[in-house]
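Below: the structure, in structure tokens.
What follows is calculated from the coordinates using simple rules that are stated; it is not laboratory data. Computed from a predicted model, the values in this text were never measured in an experiment. Every residue, glycine among them, receives a Cβ derived from its backbone with ideal geometry; neighbour counts consider all protein chains shown.
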Amino acid sequence: AEECQRIIKECRKKPSLDHSLDEGLFHICLASDCVHFRDFHDGLFATIARTLTVGGVALLCQPKRGSSLANFMTLIDAVNKASTSNGPLFHVEMFEDFHPKVSKMHRSLESTNTTSTSYNPDWHRPLLLVMTKLRSFDEDVDGELAQRLSKRISLQNRTN
């Protein structure tokens, strides 16, 4: 998220931009192993939403890491459902077997896994989360929703 913020600041300095950053700037966003920071899910969500153009795609590759990935997906779903007047912000798809080489490596590591080896699929197996932006991001509505819902999800997980 910090690197994305740095890129946004740099892009705002460029006078050649002929459109607002509010409309999004990038058609694709690549991120790896970034949803494990649960306290920053709302910031990651908003950063992706701000930087993508409508129709743009974010590809996030990371393991489950306990409930962290599920919590991030819950946040996306909650914002999508709460945005009744504007409609959903993202279409989301999750792929476990997104590349034959990765799947083969996972099966191999899992079959040779013993208590003495360090492979833990929950912490190491990459999954691919694909987020396609469906509409413009409304900072006041979507950003506020993401902050509020992220706190609620975090509190629910602490009490469970």
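Panel order for 153, 48, 28, by other beta carbons found within 10 Å of each beta carbon, from fewest to most: 28, 153, 48.
Label point of residue 67 set 7 angstrom out along Cα-Cβ; within the stretch 24-44, amide nitrogens under 19 Å from it belong to 35-43.
Taking each residue as 0.36 nm, the span from residue 107 to residue 152 lengthens on full extension beyond its C-alpha to C-alpha distance by 12.6 nm.
Sorting 99, 36, 41 by the number of Cβ atoms found within 10 Å of their own Cβ, with the fewest placed first, yields 99, 36, 41. Once the Cβ-Cβ distance of residue 81 and residue 120 is raised to the sixth power relative to R0 = 30 Å, the FRET efficiency obtained is 0.40.
Loop-located GluC sites (Glu not before Pro) in the stretch 58-153 (DSSP state other than H, G, I, E, B) with a sparse environment of at most 14 neighbouring Cβ atoms within 10 Å: 96.
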